[in-house]
Every structure is written in C-alpha cells, then in structure tokens.
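Take a look at the structure set out below.
The values are calculated or read from the model by the stated rules, or taken from the named source; none is laboratory data. The structure presented is a predicted model; accordingly, all values stated were derived computationally and were not measured. Every residue, glycine as well, gets a Cβ built from its backbone with ideal geometry; the counts of neighbours run over all protein chains shown.
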Amino acid sequence: MREVPPGAVAAHAQLIQQGFEELWVVEDLPYSGGISQMLAVLEATENVVVGHGIAPAPFRNPAALAMEWATLAELHPHRIAGGIGHGVPEWMAQIGQSVESPLTLLRETIEAVRLLLAGELVTADGRYVQLKEVALHFPPLQIPRVSAGVTGPKSLKLSGAVADGTILPSGKSPQDVQQARALINEGRAEAGRTDEHRLTVFTGFFCGDESTLPAPPPYAPSESWAAIGPNPEAVAEMLQALVAAGADSIVLVPYGTDSTEQLQLAATEIAPRLDR
C-alpha cells in the first residue's frame, strides 16, 4: 500500500479485502505512517489481520510502539500483527537515526516491546533502550505477534531467538526462504524456543502478458525474485514453491500499472489454487 495516498487507504483496503486473510501496510520514508494506516485499514475491513510492515527500530521508541499496538489490539482483537526491522540505512541516515549496532538495537527493541505487550513491568538499561519501571496501563488481552523484518544471517538467527515471527522483504526465492528458515531455527534452538514462529514473505507478482509489464517498482531490488506468469496457474505454482520452502504467509506486492486489478485477480484466481 506504499503508493496509495492516505485519503484512499481505507477504500483501497475495503476493495481488496475479499479473498485475503492478511493486509499489510508499508512504513517507508517518506510515505505514510504505519500506525495511522493500520487504523484506517482496520476500520474499513472486517476480519483480516492487519500487519505493520515494517516499523524501523531506530525511530520507533519501544514504549511508544507498544502503546500504539496495544491500543489497536484492544480496539480490534485478534487482528494485529507487528513487524520491527533495522530500517533502510540510507533512510535512517536521512533522519539522523543511524546506529553503530543495528543488531543490538533490534534485539533490545523487540524484547522490550514483547514484554510490554505482555503486561510486564519493564526496566531496561541497554545500549539503546532505557526503560525504568514502565508498564502499559492497558495491556492488550490478545497480545499481537511481534515479528522481525530482517534478511541477514545474524539478524535471522536473532529473530528466531527473540521474535514471534520473521518477515522477509520482497525478492526472496524458495531457496532464500529455506535458508532463512534454517537460520531462524538455529536461533530458536540456541534460545530454547519451542513455540510457533511464523514466517511471512513479501513477494512481488504479476499475472498476464509480460510484454505489458513495466519495470519493477523502485523499492524492489534489481535481483528480486518475483512470481510472474502468463496465467493464474503459473503464478500459483511459483507461490506454492514458497509455501513448500517454509513460508507460512505470503504477502503479495503487485507489479504493473493496475495494482488493484492484480490483487483482485490474485484473490479470486490465484489464492484458491494454493495448498496451504
């Protein structure tokens, strides 16, 4: 939803919600804020889970982020999913929020947010996160899942150790997903985690005549893997490969000039073909 103007977010979500279990908002500099988009989507839809993809740890104070997610979770129980990542280095530098150890910041932020959402009294004296006896006055009854939006090996292992899930950005092939799951599992084993860990994969896709497909959007890496095919069967086969590789959830990022048409096609013709 990054390219959707703020005034059109609710209508866009309402239009495409049928056929999907999750809708994810994008928080990229300098587009729309993630929390405000989430609220707009939640109020415009009924049953879908709405994800925050992805809150950059460098400019999201963990107490403030936990407060926002807790509020949304109370207003819309069972419908919130949170994502926290390093933030794009160039963007973080633009706003003066670069840090020497993004990995440490991510760990400290995720740990603090999860404890706060669980209703704990939190005191933290970390390298970046300092909290002194902070507890949410209104902790959510239904605690949102907190995922790490990461790609590097060390970050993936960290995600397995401290997060409830992992979000892989668009451009990851089935082989990438397998490797990510293996690293996540290493981190989980080292931390003694045996709970569920949900792997969400953002994936570019296009269904139709490839000669009509313009260049991928500027936020898609040049080496991106995407599910592109002439018909729903071909695209579904490529997406199924991600599921077989270990993806629990696939978030479709449409390529092409008419993203709404592509998403509606995915909901009616592609998603039903997936064996989930």
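Structure above, values below:
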{"quantity": "Scan of the stretch 93-137 for residues that are without any contact (Cβ under 8 Å) to a residue 40 or more places away in the chain, within 20 Å of residue 156 (Cβ to Cβ) and either assigned to a helix (DSSP H, G or I) or of a type outside the set (Ser, Thr, Tyr) (or both), ordered by number", "calculated": "104"}
{"quantity": "Qualifying residue in the stretch 197-216 (condition: basic (Lys, Arg) and either free of Cβ contacts under 8 Å to residues at least 12 places away in the same chain or outside any strand (DSSP E or B) (or both))", "calculated": "no"}
{"quantity": "Residue count for the stretch 51-87, restricted to those that are part of a helix (DSSP H, G or I) and modelled with pLDDT under 95", "calculated": "1"}
{"quantity": "Filter result (hydrophobic (A, V, I, L, M, F, W, C) and either farther than 24 Å from residue 14 by Cα or surrounded by fewer than 21 Cβ atoms within 10 Å (Cβ to Cβ) (or both)) within the stretch 251-264", "calculated": "251"}
{"quantity": "Test: residue in the stretch 27-34 that is in a helix (DSSP H, G or I) and either at pLDDT 95 or above or over 20 Å from the mean Cα position of the chain (by Cα) (or both)", "calculated": "yes"}
{"quantity": "Qualifying residue in the stretch 6-25 (condition: on the phi < 0 side of the Ramachandran plot, part of a strand (DSSP E or B) and either surrounded by fewer than 18 Cβ atoms within 10 Å (Cβ to Cβ) or touching a Cys at 6+ places or on another chain (Cβ under 7 Å) (or both))", "calculated": "yes"}
{"quantity": "One residue from 43, 90 being of a type in the set (D, E, K, R), within 23 Å of residue 128 (Cα to Cα), in a helix (DSSP H, G or I) and out of contact with any Pro (no Cβ under 6 Å at 6 or more places or on another chain)", "calculated": "90"}
{"quantity": "Boolean, residue 226 is free of Cβ contacts under 8 Å to residues at least 60 places away in the same chain and within 30 Å of residue 266 (Cα to Cα)", "calculated": "yes"}
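Conditions (1) on the phi > 0 side of the Ramachandran plot; (2) modelled with pLDDT of 95 or more; (3) surrounded by 20 or more Cβ atoms within 10 Å (Cβ to Cβ), marked per residue:
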| site | (1), (2), (3) |
| --- | --- |
| 133 | yes, yes, no |
| 138 | no, yes, no |
| 141 | no, yes, no |
| 155 | no, yes, yes |
| 171 | yes, no, yes |
| 177 | no, yes, yes |
| 194 | no, yes, no |
| 212 | no, no, no |
